[in-house]
Amino acid sequence: MEEGEGEGLHTLAIVMLLCAALKLLHTLGLINTEDKLDDDLEMTMVCHRPEGLEKLEAQTNFNKRELQVLYRGFKNECPSGAVNEDTFKHIYSQFFPHGDATTYAHYLFNAFDSSQNGSIKFEDFVMALSILLRGTTREKLQWTFNLYDINRDGNINKEEMTDIVRAIYDMMGKYTYPVLKTDTPKQHVDAFFQKMDKNRDGVVTLDEFIFSCQEDDNIMRSLQLFENVI
(Lines give C-alpha, C1' and ligand atoms only; values in the text may rest on other atoms or scores of the structure.)
Protein backbone atom coordinates (compact mmCIF):
# COMPACT_ATOMS: atom_id res chain seq x y z
CA MET A 1 0.00 0.00 0.00
CA GLU A 2 1.31 3.40 -0.91
CA GLU A 3 2.15 5.84 1.85
CA GLY A 4 -0.88 7.93 2.80
CA GLU A 5 -3.48 5.41 1.64
CA GLY A 6 -4.45 4.60 5.21
CA GLU A 7 -4.84 8.26 6.06
CA GLY A 8 -7.00 8.66 2.97
CA LEU A 9 -9.35 6.00 4.30
CA HIS A 10 -9.82 7.77 7.61
CA THR A 11 -10.42 11.08 5.88
CA LEU A 12 -12.93 9.51 3.48
CA ALA A 13 -14.85 7.90 6.31
CA ILE A 14 -15.06 11.06 8.37
CA VAL A 15 -15.95 13.20 5.35
CA MET A 16 -18.72 10.73 4.50
CA LEU A 17 -20.01 11.05 8.03
CA LEU A 18 -20.08 14.83 7.90
CA CYS A 19 -21.55 14.75 4.39
CA ALA A 20 -24.40 12.72 5.82
CA ALA A 21 -25.29 15.56 8.15
CA LEU A 22 -25.02 18.14 5.39
CA LYS A 23 -27.00 16.08 2.90
CA LEU A 24 -29.77 15.51 5.42
CA LEU A 25 -29.90 19.24 6.06
CA HIS A 26 -30.19 19.88 2.33
CA THR A 27 -32.82 17.17 1.87
CA LEU A 28 -34.95 18.64 4.63
CA GLY A 29 -34.61 22.14 3.16
CA LEU A 30 -32.67 23.49 6.10
CA ILE A 31 -29.70 25.21 4.49
CA ASN A 32 -31.55 28.44 3.65
CA THR A 33 -32.32 30.19 6.94
CA GLU A 34 -33.89 33.30 5.44
CA ASP A 35 -37.44 32.05 5.94
CA LYS A 36 -39.48 34.22 8.30
CA LEU A 37 -40.71 32.08 11.16
CA ASP A 38 -42.91 32.74 14.16
CA ASP A 39 -41.02 33.47 17.35
CA ASP A 40 -42.25 30.26 18.91
CA LEU A 41 -41.44 26.80 17.62
CA GLU A 42 -44.22 25.81 15.22
CA MET A 43 -45.99 22.69 16.45
CA THR A 44 -48.63 20.49 14.86
CA MET A 45 -50.41 17.32 15.88
CA VAL A 46 -47.70 14.71 15.48
CA CYS A 47 -47.04 11.36 17.03
CA HIS A 48 -43.96 12.61 18.79
CA ARG A 49 -43.48 16.12 20.14
CA PRO A 50 -39.89 17.28 20.67
CA GLU A 51 -38.46 18.54 23.93
CA GLY A 52 -39.12 22.18 24.79
CA LEU A 53 -37.21 24.68 22.71
CA GLU A 54 -35.42 26.15 25.70
CA LYS A 55 -34.22 22.72 26.80
CA LEU A 56 -32.85 21.88 23.36
CA GLU A 57 -31.19 25.28 23.14
CA ALA A 58 -29.43 24.56 26.43
CA GLN A 59 -28.40 21.05 25.33
CA THR A 60 -27.09 21.92 21.86
CA ASN A 61 -24.92 24.49 20.10
CA PHE A 62 -27.90 25.90 18.17
CA ASN A 63 -29.78 29.05 19.03
CA LYS A 64 -33.56 29.40 19.11
CA ARG A 65 -33.97 30.58 15.51
CA GLU A 66 -31.76 27.78 14.18
CA LEU A 67 -33.78 25.22 16.11
CA GLN A 68 -36.96 26.66 14.62
CA VAL A 69 -35.56 26.21 11.11
CA LEU A 70 -34.39 22.69 11.88
CA TYR A 71 -37.72 21.66 13.32
CA ARG A 72 -39.73 23.18 10.50
CA GLY A 73 -37.82 21.17 7.92
CA PHE A 74 -37.86 18.01 10.02
CA LYS A 75 -41.61 18.27 10.55
CA ASN A 76 -42.32 18.93 6.87
CA GLU A 77 -40.49 15.76 5.81
CA CYS A 78 -41.40 13.69 8.86
CA PRO A 79 -44.92 14.70 9.97
CA SER A 80 -45.08 11.77 12.40
CA GLY A 81 -42.24 13.36 14.38
CA ALA A 82 -39.81 10.49 13.84
CA VAL A 83 -37.87 8.83 11.03
CA ASN A 84 -37.72 5.05 10.80
CA GLU A 85 -34.79 3.21 9.27
CA ASP A 86 -36.42 2.51 5.90
CA THR A 87 -37.23 6.20 5.41
CA PHE A 88 -33.73 7.18 6.48
CA LYS A 89 -32.18 4.75 4.00
CA HIS A 90 -34.41 6.05 1.21
CA ILE A 91 -33.41 9.67 1.88
CA TYR A 92 -29.72 8.89 2.13
CA SER A 93 -29.56 6.56 -0.88
CA GLN A 94 -30.77 9.30 -3.22
CA PHE A 95 -27.37 10.97 -2.95
CA PHE A 96 -25.49 7.82 -4.04
CA PRO A 97 -27.38 6.61 -7.14
CA HIS A 98 -24.38 4.74 -8.51
CA GLY A 99 -23.81 2.65 -5.42
CA ASP A 100 -25.66 0.87 -2.64
CA ALA A 101 -25.82 3.05 0.47
CA THR A 102 -28.08 0.68 2.40
CA THR A 103 -25.48 -0.76 4.76
CA TYR A 104 -23.73 2.51 5.49
CA ALA A 105 -27.09 4.19 6.07
CA HIS A 106 -27.95 1.40 8.52
CA TYR A 107 -24.82 2.10 10.55
CA LEU A 108 -25.42 5.84 10.36
CA PHE A 109 -29.05 5.41 11.42
CA ASN A 110 -27.95 3.47 14.50
CA ALA A 111 -25.52 6.25 15.38
CA PHE A 112 -28.29 8.88 15.14
CA ASP A 113 -30.76 6.66 17.03
CA SER A 114 -29.21 7.39 20.42
CA SER A 115 -32.04 5.71 22.34
CA GLN A 116 -31.84 2.59 20.15
CA ASN A 117 -35.61 2.37 19.79
CA GLY A 118 -35.74 2.06 16.00
CA SER A 119 -36.53 5.66 15.14
CA ILE A 120 -34.79 9.03 14.95
CA LYS A 121 -36.75 11.72 16.76
CA PHE A 122 -36.11 15.42 16.37
CA GLU A 123 -34.10 15.47 19.60
CA ASP A 124 -31.83 12.67 18.30
CA PHE A 125 -31.42 14.48 15.00
CA VAL A 126 -30.56 17.88 16.41
CA MET A 127 -28.26 16.55 19.14
CA ALA A 128 -26.22 14.64 16.57
CA LEU A 129 -26.05 17.61 14.21
CA SER A 130 -24.93 19.81 17.08
CA ILE A 131 -21.97 17.52 17.66
CA LEU A 132 -21.11 16.96 14.00
CA LEU A 133 -21.34 20.60 12.97
CA ARG A 134 -20.36 22.52 16.10
CA GLY A 135 -19.03 20.10 18.66
CA THR A 136 -15.51 20.02 20.01
CA THR A 137 -12.90 17.91 18.24
CA ARG A 138 -13.20 15.23 20.89
CA GLU A 139 -17.00 15.17 20.64
CA LYS A 140 -16.88 14.75 16.85
CA LEU A 141 -14.28 12.00 17.07
CA GLN A 142 -16.18 10.19 19.83
CA TRP A 143 -19.36 10.29 17.71
CA THR A 144 -17.40 8.87 14.77
CA PHE A 145 -15.87 6.20 16.99
CA ASN A 146 -19.35 5.17 18.11
CA LEU A 147 -20.36 4.81 14.46
CA TYR A 148 -17.46 2.42 13.86
CA ASP A 149 -18.06 0.53 17.11
CA ILE A 150 -20.92 -1.47 15.65
CA ASN A 151 -21.41 -3.86 18.58
CA ARG A 152 -21.02 -1.02 21.11
CA ASP A 153 -18.48 -2.80 23.29
CA GLY A 154 -16.19 0.22 23.55
CA ASN A 155 -13.63 -1.02 21.02
CA ILE A 156 -13.29 -1.18 17.24
CA ASN A 157 -12.20 -4.61 16.04
CA LYS A 158 -11.07 -5.64 12.59
CA GLU A 159 -14.40 -7.22 11.69
CA GLU A 160 -16.26 -4.01 12.46
CA MET A 161 -13.78 -1.89 10.53
CA THR A 162 -13.99 -4.26 7.56
CA ASP A 163 -17.79 -3.93 7.58
CA ILE A 164 -17.52 -0.12 7.60
CA VAL A 165 -14.95 -0.07 4.78
CA ARG A 166 -17.06 -2.37 2.60
CA ALA A 167 -20.13 -0.23 3.29
CA ILE A 168 -18.27 2.90 2.19
CA TYR A 169 -17.10 1.27 -1.04
CA ASP A 170 -20.57 -0.14 -1.72
CA MET A 171 -22.00 3.33 -1.23
CA MET A 172 -19.53 4.96 -3.62
CA GLY A 173 -20.21 2.31 -6.27
CA LYS A 174 -18.55 2.76 -9.63
CA TYR A 175 -17.04 6.07 -8.53
CA THR A 176 -14.81 4.31 -6.02
CA TYR A 177 -11.18 5.16 -6.69
CA PRO A 178 -9.07 3.19 -6.97
CA VAL A 179 -11.39 0.49 -8.28
CA LEU A 180 -12.13 -1.91 -5.45
CA LYS A 181 -10.22 -5.17 -5.58
CA THR A 182 -10.98 -8.24 -3.54
CA ASP A 183 -8.23 -7.56 -1.03
CA THR A 184 -8.63 -3.78 -0.84
CA PRO A 185 -10.83 -3.70 2.31
CA LYS A 186 -8.31 -5.89 4.13
CA GLN A 187 -5.47 -3.58 3.10
CA HIS A 188 -7.33 -0.54 4.39
CA VAL A 189 -8.25 -2.25 7.65
CA ASP A 190 -4.64 -3.35 8.18
CA ALA A 191 -3.49 0.23 7.57
CA PHE A 192 -6.12 1.51 10.02
CA PHE A 193 -4.94 -0.80 12.76
CA GLN A 194 -1.28 -0.18 12.01
CA LYS A 195 -1.92 3.50 12.66
CA MET A 196 -4.53 3.35 15.42
CA ASP A 197 -3.81 0.23 17.49
CA LYS A 198 -0.99 1.65 19.57
CA ASN A 199 -0.56 -1.30 21.95
CA ARG A 200 -1.09 -3.94 19.24
CA ASP A 201 -3.80 -5.82 21.12
CA GLY A 202 -6.03 -6.21 18.07
CA VAL A 203 -8.63 -3.59 18.99
CA VAL A 204 -8.74 0.21 18.85
CA THR A 205 -9.98 1.98 21.97
CA LEU A 206 -11.58 5.42 22.05
CA ASP A 207 -8.42 6.98 23.46
CA GLU A 208 -6.27 5.37 20.75
CA PHE A 209 -8.68 6.53 18.07
CA ILE A 210 -8.79 10.12 19.29
CA PHE A 211 -5.03 10.33 19.79
CA SER A 212 -4.31 8.96 16.30
CA CYS A 213 -6.86 11.21 14.61
CA GLN A 214 -5.49 14.29 16.33
CA GLU A 215 -2.07 13.44 14.91
CA ASP A 216 -3.46 13.47 11.36
CA ASP A 217 -3.75 16.90 9.74
CA ASN A 218 -6.08 15.60 7.01
CA ILE A 219 -8.57 14.31 9.56
CA MET A 220 -8.43 17.51 11.56
CA ARG A 221 -9.15 19.56 8.43
CA SER A 222 -12.03 17.25 7.52
CA LEU A 223 -13.66 17.85 10.90
CA GLN A 224 -13.88 21.57 10.14
CA LEU A 225 -15.52 21.27 6.70
CA PHE A 226 -19.13 21.85 7.58
CA GLU A 227 -19.03 24.08 10.62
CA ASN A 228 -21.65 26.84 10.64
CA VAL A 229 -23.55 25.60 7.56
CA ILE A 230 -26.76 26.76 9.19
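Some observations on this one:
- Unmet requirement for N61, which otherwise passes all of (1) modelled with pLDDT under 85; (2) open to solvent by 40 Å² or more (accessible area, probe 1.4 Å); (3) in contact with a Gly (Cβ under 9 Å, 6 or more places away or on another chain): (1)
- Filter pass, V165 being aliphatic (A, V, I, L, M) and either at pLDDT below 85 or closer than 22 Å to S115 by Cβ (or both): no
- Tally of residues being farther than 12 Å from L206 by Cα, surrounded by 19 or more Cβ atoms within 10 Å (Cβ to Cβ) and β-branched (V, I, T) across the range 151-171: 3
- Remark: I14 falls outside the filter, which requires a residue to be outside any helix (DSSP H, G or I), aliphatic (A, V, I, L, M) and at pLDDT below 80.
- When the range 70-89 is filtered for residues that are within 21 Å of Q116 (Cβ to Cβ) and part of a helix (DSSP H, G or I), the ones remaining, listed by number, are F74, E85, D86, T87, F88, K89.
- Hits in the range 134-145 - residues which are more than 15 Å from M196 (Cα to Cα) and assigned to a helix (DSSP H, G or I): R134, T137, R138, E139, K140, W143
- Applying the criterion of being among the basic types (K, R) and surrounded by 15 or more Cβ atoms within 10 Å (Cβ to Cβ) to the residues of the range 65-81, the residue that is nearest to F122 (Cα to Cα) is K75.
- Annotation: of all residues in the range 193-220 being open to solvent by less than 40 Å² (accessible area, probe 1.4 Å) and of a type in the set (D, E), the one that is farthest from D153 (Cα to Cα) is D216.
- Once the range 115-133 is narrowed to residues that are β-branched (V, I, T) and part of a helix (DSSP H, G or I), the residue that is most open to solvent (accessible area, probe 1.4 Å) is I131.
- Index of the failed condition, N84 passing every other in (1) touching a strand residue (DSSP E or B) at 6+ places or on another chain (Cβ under 8 Å); (2) open to solvent by less than 70 Å² (accessible area, probe 1.4 Å): (2)
The values are calculated or read from the model by the stated rules, or taken from the named source; none is laboratory data. Because the structure is a prediction, the values reported are computed rather than measured. So basically every Cβ, Gly included, is an ideal-geometry build from the backbone, and we count neighbours across all protein chains shown. For accessibility, only protein heavy atoms count, side chains too; no ligands or nucleic acids. Shrake-Rupley method; radii C 1.70, N 1.55, O 1.52, S 1.80 Å.
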